[in-house]
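Since every read-out is calculated from the coordinates, none of them should be taken as a lab result. Note that the coordinates shown come from a computational prediction; the quantities given were computed from them, not determined experimentally. Cβ placement follows ideal geometry from the backbone for every residue including glycine, while neighbour counts extend to all protein chains displayed.
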Amino acid sequence: MIPTDEILNASILIVDDQPANVLLLEKMLRNAGYRNFTSTTDPRTVRVLHREQRYDLILLDLHMPDVDGFEVMEQLQAIESDGYMPVLVITAQPAHKLRALAAGARDFISKPFDLIEVQTRIRNLLEVRLLYRRLNEHNEILERTVQERTAALRESEARFRSFARLSADWFWEQDAAGRFIEASGPMLEVLGAEEPGRPEATGEPAQWDAQARALLIEHIHARRPFIDHLCQRTDARGRVQTLQFSGEPIFDGTSRYIGFRGVGTDVTDRTQRDAARLQGPTA
């Protein structure tokens with residue numbers, strides 16, 4: 001609910017070519033406790049006034065010379081881009097009520113005025129208008145928050161990818177169907193996604209440690225995270241290369257599996273040093 005003080009402080013414009021009606025409505029608003037209202041007897045000024053002030057409510061007489069209330073509402077439609085025109089029409093002709101509502105007015109009051117009816121309709125419309133404005137402000141804040149968090153997420157993801165590339169030799173990512181979104185180094189080869197018979201730089205295919213390779217692929221298919229999984233491959237010249245892989249499944253905010261990502265490093269030199277250290281010095 002909108003606090004009473006906020007409703008009484010809402011901005012109101014009275015538009016009526018009859019000064020007596022303006023004075024009557026001003027007195028009624030003042031007696032009801034409204035503090036922020038103004039008036040004009042010239043309907044040609046309404047468009048400019050509303051563009052500058054953006055009133056919470058416009059009390060608009062329909063029957064006026066030069067520019068009638070319907071023409072004023074047509075002008076206001078171009079200003080209210082959100083489609084909400086805060087107009088309460090004043091008319092003594094019942095036939096004009098439906099036409100006014102069809103033109104965008106939110107409600108109407110009849111002449112001669114019924115004090116209780118006028119006060120009730122004004123308060124109700126102001127409360128709806130202020131709620132509508134609050135909702136728009138909330139949606140704008142929500143949209144900005146989503147944009148900020150999306151940007152932060154993208155920045156975080158870019159930072160993660162950068163760190164991954166700096167701390168590893170290769171990086172790969174797959175979608176839920178196993179298709180590669182991104183891959184570098186020997187990832188396509190080790191995961192069995194290379195073209196049949198695809199040669200390496202030596203011109204001969206490498207031989208992988210079948211058991212370690214199968215276990216790596218099993219981890220991915222089972223959507224299991226793994227750390228420092230070792231695989232070895234031997235090229236046609238008999239050189240052994242040791243590769244180390246770590247990976248994890250990826251899930252979205254609803255816990256739906258959307259893919260797999262991981263990194264790899266060539267640890268051949270380290271493995272050879274460790275092996276030499278275990279063997280000890282040679283005679």
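Structural remarks
- If the condition is being free of Cβ contacts under 8 Å to residues at least 40 places away in the same chain and either among the hydroxyl-bearing types (Ser, Thr, Tyr) or within 21 Å of residue 214 (Cα to Cα) (or both), then the range 251-270 contributes 254, 255, 267, 268.
- Any pair with Cβ under 8 angstrom, 6 or more apart, that starts in the range 37-54 at a residue that is closer than 16 Å to residue 78 by Cα and ends at one that is among the polar types (S, T, N, Q) and surrounded by 15 or more Cβ atoms within 10 Å (Cβ to Cβ): 46/40; 46/75; 47/75; 49/40; 53/11; 54/11
- Screening the range 49-145 for strands (runs of 3 or more DSSP E) wholly inside it with 3 or more residues that are over 21 Å from residue 27 (Cβ atoms) returns no ranges.
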